[in-house]
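Structure first, then comments.
The values are calculated or read from the model by the stated rules, or taken from the named source; none is laboratory data. Everything numeric here is computed off the predicted structure, so don't read it as measured data. Cβ coordinates were reconstructed from backbone atoms using ideal geometry, including for glycine residues, and neighbour counts include every protein chain displayed. Remember, those area values only see protein heavy atoms, side chains included, never the ligands or the DNA or RNA. Shrake-Rupley method; radii C 1.70, N 1.55, O 1.52, S 1.80 Å.
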Amino acid sequence: MLSKIQNLLYSCYGENTVDKIPDVGFQLFLISVKSLMPYEDNIGCSFDEDRYIKEMELFKYYINGHDNCIENYFKNKRPYDGEDGLIEYKILPAAIANTVWENLIEEVMRTTAFYSVSKRTIIDSILISSAVYDYLSDENKDVENMNQNAKERLIQFSIKEFTEKHNMHLDKMSIIDFEKERIKTISRTQLYSDECILKFKTLKHIFKTAPSEEASYNDELLSSYSAYLFKLRKGTINPEKLKIVDGKIPELKEFLKYSSFSHPLLGKCKIINRTEKEIILRNKTGLMKVKI
């Protein structure tokens, strides 16, 4: 199981290491990992939206890349109407950390809807999650079974029930458009077509990478996060250890006055380089470029 998680992360984020400033996709993955909170009375991990919002307020200072959904969030604090091109990076941690499908899809959808209510993005999230769920299952499932499982899970999902449960406003036409897109997707012979698979690194690894082709795995950073997600999946991490102190977190610039500091969200940090426009710092997730 751990090796499956490791190889999946390596396929998606192998170009990111502790000695390199990570791209926006891996940064979003890390934020989602840090915002997983083990259930206290259930199996799996929830999407801690309060923690995620705090992480996003900090993220605008060090984001390494561009994402329309994130820009929309920074400006409007509401979901984007368009498609989310980086959705797989945001939902993968919740998909890995949950072993019960009902819990998995609930937390994945909460993460998805934080950014986008696009009909295509919602359906893509279900397809990606279903493939990850089957990939990490103890059973050996062939492509045909995985297609059938995804079709059944897509049929079972109710966008109306989800939005009502979480007090989200989605107008009638948006719901109708989603149902049309769902019917269109379900009617396909292969939900995981080559077009769909090649669109996402996660699906490319699951459907296109043969076991014999999997890379040798020795990256310190990805190994650490693979092990952490494995522990979350097994339910061996005490949620009390992951909670942060309530209350307002001081502005990042207050911390950046010092050569080293401990931040409530970033942990222990050390400044590597400082210029008039930016600061390079290192913490346990690697390097970070902060705009000042």
Worksheet item: If you wrap the stretch 43-145's Cα atoms in a convex hull and average its projection over all directions, what's the area in nm²?
Response: 7.2 nm²
Discussion item. I'd like the distance between the alpha-carbon centres of the stretch 1-21 and the stretch 59-76, rounded to an integer number of Å.
Written reply: 23 Å
Practice prompt. Assuming 0.890 mPa s and 25 °C, estimate D for the stretch 1-74 with Stokes-Einstein, Rh taken as the Kirkwood radius over Cα pairs, in µm²/s.
Written response: 175 µm²/s
Worksheet, complete the sentence: Excluding near-sequence neighbours (fewer than 8 apart on one chain), the stretch 5-133 holds lysine pairs with C-alpha atoms under 26 Å apart numbering 20
Fill in: Accessible area of the stretch 131-252 divided out per residue, in Å², using a probe of 1.4 angstrom
63 Å²
Worksheet, complete the sentence: re the chain: pairs of Cα atoms spaced beyond 36 Å account for a percent value of 15 percent
Worksheet item: For the chain, which whole percent of the accessible surface, found with a 1.4 angstrom probe, sits on carbon and sulfur atoms?
Response: 48 percent
Fill in: Gain on full stretching of the segment that runs from ILE176 to ALA227 - 0.36 nm per residue minus C-alpha separation
14.2 nm
Worksheet item: When the Cα centres of the stretch 157-174 and the stretch 24-46 are compared, how far apart do they sit, in Å?
Response: 23 Å
Worksheet entry | Cα-projected label distance for LYS20 with GLN148, points at 7 Å along beta-carbon direction, nm | 4.1 nm
Worksheet item: In nm², what is the average projected area of the convex hull enclosing the Cα atoms of the stretch 159-249?
Response: 11.3 nm²
Worksheet, complete the sentence: Zone reached by a paramagnetic label modelled 7 Å from LEU265 Cα along Cα→Cβ, restricted to the stretch 19-62 with backbone N below 15 Å, covers 27-36, 48-62
Item to complete: Go through LEU8, PHE29, SER46 and say which Cα lies farthest out towards the positive end of the charge dipole of the stretch 6-96; charges sit on Cβ, +1 for Lys and Arg, -1 for Asp and Glu.
Response: PHE29
Item to complete: Report, in whole Å, the centroid distance computed from the Cα atoms of the stretch 177-212 and the stretch 215-292.
Response: 34 Å
Worksheet entry | Calculated FRET value between GLU276 and ASN42, using beta carbons and R₀ = 51 Å, to 0.05 | 0.55
Worksheet item: Could you list, bin by bin from short to long, the percent of Cα-Cα pairs of the stretch 129-183 in 10 Å steps?
Response: 21, 40, 27, 13, 0
